[in-house]
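Below is one structure; the comments refer to it alone.
Read the figures in this text as sums done on the coordinates, not as results from a lab. Quantities reported herein were computed from a predicted structural model and do not represent experimental measurements. Don't worry about glycine lacking a Cβ; one is built from the backbone with ideal geometry, like all the others, and counts go over all protein chains shown.
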Amino acid sequence: MSADDPHEGTVDAALREELPGLRLRWVVAPLEGGHRTPKGLARRLGDVSTRFRGANAIQLRTRPVPRAYRVFYRQVGLDPDVDRTPVEQLALERLIRGELHTGDRVTDATVLALFETGVPIVAFDEALLDGDVVLRPARPGETLPTDGGFAHDVPSGRLVLADGRGPVAILFGRRSVAHEPGRATSVVRLVAIAVPGVPEAHVDEGLWLAAEGLGR
């Protein structure tokens, strides 16, 4: 079994009109060969980590794809110098920790895709989702599931990824613990957030890289 070809996701119509070029792309991919990161994926992460040095972190935000996410952050009221974009946060963690490898296959597959393409990808347990994942503003009173049955309030109007029951992740932020891939997960939905200025081919490359990391 292999991943599907990427599909176009649903973005709220008013949001599409306000922010032309904002879109979702997604694939469903099997999680094969266990949940621990295999040697091949760990080796690839080690290779990209070795190539990355302090000078790369400084230059990162000037590259076209990372720059597009910085511009988008400002469009939606986020300060990318305070709330770092996903790839810049990953670069900082690489400099602090000295490596990217975590040992968790799903995490490492999405990290590799982000580091190689600059496109953030969110992973969900396909069996725990209620229908499609859409991008929309949060509605009044919505919450995000966390550990122990508790839930975080989501500010009304904040952009979220949501299934048929409600938010499953805050855009570029906290994710629902109840929908994360775990030991029982056999199929994963990978959702890429594409902002204006990022080519579709680049987004799909990130999805394929992540899906490949989940296979044998």
Checklist entry - If you project the alpha carbons of the range 79-146 onto the principal axes, what extent comes out on each, in Å, largest first? => result 40, 31, 24
Item to check | Charge tally in the Cβ shell below 14 Å around Pro80, where Lys, Arg are +1 and Asp, Glu are -1, Pro80 excluded | outcome: +2
Item to check | Stokes-Einstein D (µm²/s) once Rh is taken as the Kirkwood radius of the range 7-214 over alpha-carbon pairs, at 25 °C in 0.890 mPa s | outcome: 141
Checklist entry - If Lys and Arg each add +1 and Asp and Glu each add -1, what is the summed charge of the other residues whose beta carbon sits under 12 Å from the beta carbon of Glu205? => result -3
Checklist outcome for this item: Note on the chain: helices (DSSP H) long enough, at least 15 Å by alpha carbon along their axis, and hydrophobic enough, mean Kyte-Doolittle at least 0.5, are 105-117
Item to check | Neighbourhood net charge (13 Å Cβ-Cβ; Lys/Arg +1, Asp/Glu -1) for Glu99 | outcome: +2
Item to check | Separation between Cα centres of the range 70-134 and the range 138-216, rounded to whole Å | outcome: 10
